[in-house]
1. Once neighbouring chains are kept in place and the probe is 1.4 Å, which whole percent of the accessible area of the chain is contributed by carbon and sulfur?
2. Relative contact order for the chain: what is it in percent, counting Cα pairs under 8 Å that are at least 6 residues apart?
3. Remind me, what semi-axes does the chain give for its equivalent ellipsoid, largest first in whole Å, using sqrt of 5 times each Cα gyration tensor eigenvalue?
4. Only Lys, Arg, Asp and Glu count, each charged at its Cβ (+1, +1, -1, -1), so figure out the dipole size of the chain about its Cα centre, rounded to 20 debye.
5. Run the helix sum for the chain: -39,500 (n - 2.57) per DSSP H stretch of 4+ residues, divided by residue count, reported at 222 nm to the nearest 500 deg cm²/dmol.
6. Can you tell me the FRET efficiency between S59 and L85 if r is taken as the Cβ-Cβ distance and R0 is 35 Å, rounded to the nearest 0.05?
Amino acid sequence: MSGSISYQDFQSSNGAFANDGGPWKIWRSKVDDVNCGSTQRSWCQDVAYCLECWVFPSSQGTGYTVSFFTNITFNLAEYGGATTLE
């Protein structure tokens, strides 16, 4: 995974996938069958973007795994000298 985003930048990001300018990346077990994208549809009004995935299953596909991830850095000095995050 390349680079990281600060917690402050993450909070102010648009919440979209990386290809739409956001911090989120995706891993799909079957790249050809699982499609994902950032959306601004009518059901997604409380945030800038919602993340959605849909499946066009192949005849061999019996199960799918999708993982969303991002890499956030925290300055622990800003949290009262914390040494871990929970």
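The values are calculated or read from the model by the stated rules, or taken from the named source; none is laboratory data. Computed from a predicted model, the values in this text were never measured in an experiment. Heads up, the Cβs are rebuilt from the backbone with ideal geometry, glycines too, and the neighbour counts pull from every protein chain shown. What goes into the accessible areas is simple: the full protein's heavy atoms, side chains included, and nothing from ligands, DNA or RNA. Shrake-Rupley method; radii C 1.70, N 1.55, O 1.52, S 1.80 Å.
1. Values: 2930 of 6050 Å².
Carbon with sulfur: 48 percent of the solvent-accessible area.
2. Working: 112 pairs, mean separation 29.3, N = 86.
Rounded, it is 34 percent for the chain.
3. Values: eigenvalues 183, 58, 21 Å².
Over the Cα atoms of the chain, the semi-axes work out to 30, 17, 10 Å.
4. Working: 4 positive and 8 negative charges, 45 e Å.
Charge dipole, the chain, about its Cα centre: 220 debye, nearest 20.
5. On the way: 1 runs with 6 residues, N = 86.
-1500 deg cm²/dmol, from helical runs alone.
6. On the way: r = 44 Å, r/R0 = 1.26.
Computed FRET efficiency for S59 and L85 comes out at 0.20.
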